[in-house]
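The values are calculated or read from the model by the stated rules, or taken from the named source; none is laboratory data. The shown structure was predicted, so the numbers you read here are calculated from the model rather than taken from an experiment. We place every Cβ from the backbone using ideal geometry, glycine too, and count neighbours over all the protein chains shown. What goes into the accessible areas is simple: the full protein's heavy atoms, side chains included, and nothing from ligands, DNA or RNA. Shrake-Rupley method; radii C 1.70, N 1.55, O 1.52, S 1.80 Å.
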Amino acid sequence: MPLFLPHFNLQKFNTLAVPAFAAYFVSVKNTEELREALLFARTENLSLLLLGGGSNIVLQDDFPGLVVHIKHQGKEIVHEDDDHVWLQVAAGENWHQLVEYTLANALYGLENLSLIPGSVGAAPIQNIGAYGVEIKELLTELTALDIRSGLSVTFTNQSCQFGYRDSIFKGALKDRYVITAVTFKLNKRPQVRVEYPALRAALAHLTQTEITPELVSAAVIAIRTNKLPDPADTPNVGSFFKNPVISKIQHEELKLRYPGIVAYDAGEGQIKLAAGWLIDRAGWKGKEAAGAAVHKDQALVLTNPHKTSGQAVLELARLIKQSVFDQFGLWLEIEPRVYP
Ligand SMILES: Cc1cc2nc3c(=O)[nH]c(=O)nc-3n(C[C@H](O)[C@H](O)[C@H](O)COP(=O)(O)OP(=O)(O)OC[C@H]3O[C@@H](n4cnc5c(N)ncnc54)[C@H](O)[C@@H]3O)c2cc1C
């Protein structure tokens, strides 16, 4: 029987370091314990918060329900052919440690996603992506427990309906499933991906054949360490806003007014704007307001330097959204999930 801890301080369990309390907290390391936790929540009529590394949530207040910390561990090769290995990984495994494990075992594909904080089970929720790769390109299927029925089901890649920082688990099936394991199809032969400009620039001194997945991982780690604040020193949740995706016509109009606007081709006739550039241009980089702050080098990252409430960070986000709208006519969308 897992231990249900009442009135639990979540400050060390969210990377914004918000000192919010959960009515109950429980750590589960297998499906049996998870089922017991779900039964407890149902019996006590408690709402649920499924927690991995807490690196993509904002606690705007105490959570009046049960926080279930997903700690399932384990990795297993479930299939193999001449070129690929299908690796099934339990949801509670740490993401970056998984990337390191794959490289140490000569399994390739995850290297561009080095150093993203959090757990394996949360990675499909927003289809994590960085430096030109998203996990939808490597995930073949995942296993999840239906919170209502308690049954374990398999989702194929297609049924996850992945999009930019999006999946069915943020939409139609929000709060319906607990992801318990994820299967990745990894390459036995290196196929490096270095199209992303910052990554290409970091490896420009090497020829294509000299670039190994290990070097890609090292370059990604170096760029990230240089660019992003470490939540252990400066509480944050990474990018606070999604990059807005707009039409080519809208982009052309904006470019007339702002020739330096930073944008990428998002395919299907759409353009992705760098939200960080918009926020910077609106004058927010390095500013502090409402008790929270905008990072001095990376305007897309909001920080909670005084480890105060999630409300402070959300108030700063609201001010930023309003001024970006006033200047560019675009509403930014918050990336992390806000609770309760
Ligand atoms: C410094 C920094 C850099 C970052 N860089 C990136 C980046 O480059 N790219 C990127 O995509 N993201 C990035 N992020 C965001 C974050 O790391 C990812 O979204 C990560 O996948 C969150 O994992 P987590 O375990 O911390 O999730 P949590 O914050 O614990 O949870 C996030 C959401 O997923 C749900 N969830 C968690 N586990 C499960 C589960 N097993 N089953 C069902 N639902 C679950 C939670 O209920 C919650 O709604 C960054 C964050 C930080 C702090």
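Val194 passes every criterion in (1) among the β-branched types (Val, Ile, Thr); (2) assigned to a strand (DSSP E or B); (3) in contact with a Gly (Cβ under 8 Å, 6 or more places away or on another chain) apart from (2). Leu49 passes every criterion in (1) out of contact with any Lys or Arg (no Cβ under 8 Å at 6 or more places or on another chain); (2) open to solvent by 40 Å² or more (accessible area, probe 1.4 Å) apart from (2). Just give me the residues in region 13-24 being within 13 Å of the ligand (Cβ to nearest atom) and not hydroxyl-bearing (Ser, Thr, Tyr), in sequence order. Correct list: Phe13, Asn14, Leu16, Ala17, Val18, Ala22.
Within region 223-275, can you find the residues that are closer than 22 Å to Ala204 by Cβ, surrounded by 13 or more Cβ atoms within 10 Å (Cβ to Cβ) and under 21 Å from the mean Cα position of the chain (by Cα)?
Just the residues of region 223-275 that are closer than 22 Å to Ala204 by Cβ, to begin with: 223-228, 262, 264-265, 274.
Checking the rest, the ones that are also surrounded by 13 or more Cβ atoms within 10 Å (Cβ to Cβ) come to 223-224, 228, 262, 264, 274.
Residues satisfying the conditions are Ile223, Arg224, Leu228, Tyr264, Ala274.
Condition (residue is part of a helix (DSSP H, G or I) and either charged (D, E, K, R) or open to solvent by less than 40 Å² (accessible area, probe 1.4 Å) (or both)) applied to region 63-72: is it met by at least one residue? No - not one qualifying residue is present in region 63-72. Can you list residue pairs whose Cβ atoms sit under 6 Å apart, with the first residue in region 317-339 being open to solvent by 60 Å² or more (accessible area, probe 1.4 Å) and the second being within 16 Å of the ligand (Cβ to nearest atom)? Count only pairs 6 or more apart in sequence or on different chains. What qualifies is Glu333/Lys242; Arg337/Ile57.
Screening Ser149 against (1) open to solvent by 20 Å² or more (accessible area, probe 1.4 Å); (2) within 13 Å of the ligand (Cβ to nearest atom) leaves a single unmet condition, (2). Does region 188-195 contain any residue that is in contact with a His (Cβ under 7 Å, 6 or more places away or on another chain) and within 16 Å of the ligand (Cβ to nearest atom)? So far as region 188-195 goes, no, none of its residues is in contact with a His (Cβ under 7 Å, 6 or more places away or on another chain) and within 16 Å of the ligand (Cβ to nearest atom).
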